[in-house]
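Every number in this text was worked out from the coordinates using simple rules, so none of it is lab data. These numbers were taken from a predicted model, which means no experiment stands behind them. Note that we place each Cβ from the backbone using ideal geometry, even for glycine, and neighbour counts take in every protein chain shown.
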Amino acid sequence: MPTLHLHTTAVLDDTARSTLARALTDLTAEVLGKRPEVTAVLLHHHRPGQWFIGGVVAEAQPTAQLGIDITTGTNSADEKAAFVAGAWQLLNRALGGTTGLDPASYVIVQEIPATDWGYGGVTQAARKVSHRVG
């Protein structure tokens, strides 16, 4: 049940947003083994003048930050590294335009304990227990 938050200065139309959300969902399934039907992707656009790098407005190149929340211990370090590399390549192609993404764009994998989040009103820890029992 990963949740992805993409913040970017790139302007995307509806089709580009849908295509990007699908590509991020597919990457998450392929590399991290997450179920697409419970993967949420939220896209956040930032207007020029709202994103700073080194204390200066980032205007020369599109910029992005992708964060993904996953349950602690569900993926290896190699899987997370492969996700970071794959996500960077995907974002650079989709958002970078002719100049590429600003190098100070980030992909962040955040692990959250199974007791601290869930979906449908049930924590991941409770889901794990119920799958063992049932």
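Structural remarks
- Peptides 73-79, 106-112 ranked from most to least packed by the mean count of surrounding Cβ atoms within 10 Å: 106-112, 73-79.
- Electrostatic tally near SER105: other residues with Cβ closer than 15 Å to its Cβ, Lys and Arg +1, Asp and Glu -1, net -1.
- Residue-averaged 222 nm ellipticity for the chain, from DSSP H runs of 4+ at -39500 (n - 2.57), nearest 500: -12000 deg cm²/dmol
- Here the residues THR123, THR19, ranked from fewest to most Cβ neighbours within 10 Å of their Cβ, fall in the order THR19, THR123.
- Amide H contacts under 5 Å for VAL41: LEU4, restricted to partners 5 or more places along the chain or on a different chain, H placed in the peptide plane at 1.01 Å from N.
- The chain: DSSP helices with Cα axial extent of at least 20 Å and average Kyte-Doolittle hydropathy no lower than -0.5: 14-32, 77-95
- Stretch gain in nm, segment ALA77-ASP116, where the contour uses 0.36 nm per residue and the Cα spacing is subtracted: 11.9 nm
- Each Lys or Arg adds one and each Asp or Glu subtracts one; over the other residues with Cβ under 14 Å from the Cβ of THR123, this totals 0.
- With N as its number of residues, the chain has a Cα radius of gyration that, divided by 2.2 N^0.38 Å, comes to 1.15.
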